[in-house]
Amino acid sequence: MEVILGLGAAIAYGAGDFAGGLVSRRTNVLVVVGLSQVIGTTSLIPVLFLVGGQLTGSAMGWG
């Protein structure tokens, strides 16, 4: 399972880095950064419902 998660993270990081480099040549860098944050946040929202857990102050502090 660790290998699958590691490969998935590496593929996502590499694809995001490549796409960000291509798009930032044509568009303002701040637009690219903002769009990447929106895409990252919206892609993680379904994961929150699958993982479960509680939102506590210490969890917020540790990130």
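The rows are residues; the columns are (1) of a type outside the set (Val, Ile, Thr); (2) surrounded by 10 or more Cβ atoms within 10 Å (Cβ to Cβ); (3) in contact (Cβ under 8 Å) with a residue 40 or more places away in the chain.
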| position | (1), (2), (3) |
| --- | --- |
| Gly16 | yes, yes, no |
| Gly21 | yes, yes, no |
| Arg25 | yes, no, no |
| Val31 | no, yes, no |
| Gly34 | yes, yes, no |
| Gly40 | yes, yes, no |
| Ile45 | no, no, no |
| Met60 | yes, no, no |
Residues that are in contact with a helix residue (DSSP H, G or I) (Cβ under 7 Å, 6 or more places away or on another chain) and among the hydrophobic types (A, V, I, L, M, F, W, C), drawn from the range 13-43
Val23, Val32
Return the residues of the range 14-28 that are assigned to a helix (DSSP H, G or I) and more than 13 Å from Ser43 (Cβ to Cβ); say none if nothing qualifies.
Gly14, Asp17, Phe18, Ala19, Gly20, Gly21, Leu22, Val23, Ser24, Arg25, Arg26
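Just so you know, all these numbers are worked out from the coordinates, no wet-lab data involved. No experiment lies behind these values; they were computed from the predicted model shown. FYI the Cβ positions are ideal-geometry reconstructions off the backbone, even for glycines, and counts take in every protein chain you see.
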